[in-house]
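Have a look at the structure below before the remarks.
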Amino acid sequence: MSYVIDPDPVPSLYVHGSPDRFAVRRVYCVGRNYAAHAREMGSDPTREAPFFFCKPADAVLAVPEGQTALLPYPGQTADFHYEIELVVAIAKAGIEIPADRADEYVWGYTAGLDMTRRDLQAQMKAKGRPWEIGKAFDHSAPMGALYPVSKVGIRTGAPIYLDVNGVRKQSGNIDQMIWSVPEIISQLSRYFELRPGDLIMTGTPEGVGPAVKGDVLQGGIEGLGTVQVQVT
Ligand code: MN
């Protein structure tokens, strides 16, 4: 068997301390998972069930550790926002995973940017239309090297931050999530069978804002990865 057209390469992330890559299957994202960010987006941060959206696997921009990747400023927007997020990588398949067993499904962690065409997202929200043009565009998910759980363990608290041109813009702690990582895995696996290679972007703390050409975005989660890009 051969393909009638050549398939694209499998999207993948770098792995801390290894020459091997983590093959990406799907990218799931959680909306409004920190109370202060929900408020800044005009929502009431009550503990309603989490909601999810997706980015295509090839929206991932894999950033080698210690390097700065170039992030093209996308078309059709005048309000290109950063959102620093903890990314959770899934190790094995599961459906309807109980929260108290969800840690077994975590392969590792890294820092990622849920880049957003905020003006397009707002227009789609207002019309009750899908968010893809605001969220799921090319290069919209820069991510650093994965830190395997085999090296760092399961983590429930760690400072998360984003600097723009060396100025702190976002600051929080992953223990401030409305829905914890095990709860997210449990809820998401009710709707989709999770598979090895899936990534979950777990939401952003407050302080989101616009990036312009030339900006350097540098973010991370203490002990769990960093991501650095320059907007071009
Ligand atoms: Mn987000």
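Quick note: the coordinates plus some simple rules give every number you see, no bench work behind them. It should be emphasised that the depicted structure is a prediction, and the values quoted were computed from it without experimental measurement. FYI the Cβ positions are ideal-geometry reconstructions off the backbone, even for glycines, and counts take in every protein chain you see.
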Exercise. Looking at region 94-116, is at least one residue surrounded by fewer than 15 Cβ atoms within 10 Å (Cβ to Cβ), among the small types (Gly, Ala, Ser), in contact with an Asp or Glu (Cβ under 9 Å, 6 or more places away or on another chain) and over 18 Å from Leu162 (Cβ atoms)?
Worked result: no
Scanning region 51-94 residue by residue, those closer than 18 Å to Gln121 by Cα, assigned to a loop (DSSP other than H, G, I, E, B) and of a type outside the set (D, E, K, R) turn out to be Pro56, Tyr73, Pro74, Gly75, Gln76, Thr77, Ala78
Over region 146-176, the set of residues surrounded by fewer than 18 Cβ atoms within 10 Å (Cβ to Cβ) and more than 19 Å from Ala35 (Cα to Cα) is Ser150, Lys151, Val152, Gly153, Ile154, Asp163, Asn165, Gly166, Val167, Arg168
Of (1) more than 20 Å from Asp163 (Cα to Cα); (2) within 16 Å of the ligand (Cβ to nearest atom); (3) outside any strand (DSSP E or B); (4) not β-branched (Val, Ile, Thr), Tyr28 satisfies every one except (3)
Given (1) more than 17 Å from the chain's Cα centre (by Cα); (2) within 16 Å of Gly31 (Cβ to Cβ); (3) of a type in the set (Asp, Glu), Asp215 misses just (2)
| request: Would you confirm whether any residue within region 187-203 is within 16 Å of the ligand (Cβ to nearest atom), assigned to a helix (DSSP H, G or I) and of a type in the set (A, V, I, L, M)? | output: yes
Thr46 fails exactly one of (1) of a type outside the set (Asp, Glu); (2) more than 12 Å from the ligand (Cβ to nearest atom); (3) assigned to a strand (DSSP E or B), namely (3)
How many residues of region 177-186 are surrounded by 20 or more Cβ atoms within 10 Å (Cβ to Cβ) and not in a strand (DSSP E or B)? The answer is 6
